[in-house]
Amino acid sequence: DQRASEAFALLVKLGLAQGDPVQEAPPRPADQPPSYQRSDLMNALREDSTFAGVTQMVESMLGKTLSEADLLSLYTIYDYLALPPEVILMLAHWCAADTERKYGPGRKPRMPMVKKTAFQWKRLGVDTPEAAEEYLRRQQALLSREAELLPLLGIHGRAPVDRERQYIAGWVEMGFDNEAIRLAYERTLFQKQSMNWAYMNSILKRWHGAG
């Protein structure tokens, strides 16, 4: 599509790809990824300038030279999931930023984590530049709410773990404001004498069901 062609043109401009973008849409992936071999990687890096360019940019984002196992993961994202180059770069940038938020400045994600996130994006339909932009916009909005809510939930000096983030995302999606979430937290402490995420979630789900 047009955005994928623009992404390829950017790679050409940066000197990371050569030739004309392929106009033909990539085939839909099969149920299971193929067992790529080292020869597949070498052929792709030698003959597919787009993949070679994406590889260089991902290496720059992750701050390291990708191992053969890393390259197999990246090629699975590129060939099997058929994510456009621009989406792969947005994905790598998001994973790098998320890792620093969770573990501190300078920490970089491992390729298995990037690959796992790519499969999640594909399942969610985040497989075009437009969908990726919208998804990242929602994630940034959720991060802003998390920053507001964590102190109200007695959490200071750390990012939420994945399960906590899932609970918070659910409460935000249900439309609760900070005051209502704080009230549910206080009721949880009264009943449980400590924070209990599942119990607090049951309170908010009950309130949401009652309107």
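The values are calculated or read from the model by the stated rules, or taken from the named source; none is laboratory data. Owing to the predicted nature of the structure, the values given are computational and were not obtained by experimental measurement. Note that we place each Cβ from the backbone using ideal geometry, even for glycine, and neighbour counts take in every protein chain shown. Please note that ligands, DNA and RNA were not included when accessible areas were found on the heavy atoms of the full protein model with its side chains. Shrake-Rupley method; radii C 1.70, N 1.55, O 1.52, S 1.80 Å.
Counting only other residues whose beta carbon sits under 14 Å from that of M195, what net charge do I get with K and R as +1, D and E as -1? Combined, the nearby Lys, Arg, Asp and Glu give +3.
By a 1.4 Å probe calculation restricted to protein chains, E148 has an accessible surface near 90 Å², given to the nearest 10. Length available on full extension from D162 to E68: 0.36 nm per residue minus the Cα-Cα distance, which gives 31.0 nm. Each of F119, F190, F176, F51 has its accessible area taken with a 1.4 Å probe; listed largest first, they run F190, F119, F176, F51.
Assuming charge only on the beta carbon of Lys and Arg (+1) and of Asp and Glu (-1), the dipole of the range 111-211 about its Cα centre is about 440 debye to the nearest 20.
At the residue level, T76 shows approximately 10 square angstrom of accessible surface with a 1.4 angstrom probe and all protein chains present. From helices alone, the chain scores -21500 deg cm²/dmol at 222 nm; the rule is -39500 (n - 2.57) for each run of n ≥ 4 DSSP H residues, then divide by the residue total. Short to long, the 10 Å bins of the Cα pair-distance histogram for the range 84-142 hold 23, 55, 21, 0 percent of all pairs. Can you give the net charge of the other residues whose Cβ lies under 11 Å from the Cβ of L72, counting K and R as +1 and D and E as -1? Value of the local net charge: -2. Direction-averaged projected area, Cα convex hull, the range 61-211: 10.3 nm², rounded to one decimal.
Sorting V161, V87 on solvent-accessible area from highest to lowest, probe radius 1.4 Å, gives V161, V87.
Residues in the range 44-123 average 46 Å² of solvent-accessible surface per residue, probe 1.4 Å, ligands and nucleic acids excluded. Applying a threshold of 29 Å to the alpha-carbon distances of K115/K192; K102/K205; K108/K205; K64/K116; K115/K205 flags K115/K192; K108/K205; K115/K205 as lying beyond it. Taking 0.36 nm per residue of separation and subtracting the current Cα-Cα distance, fully stretching the chain between W207 and L189 would add 4.8 nm.
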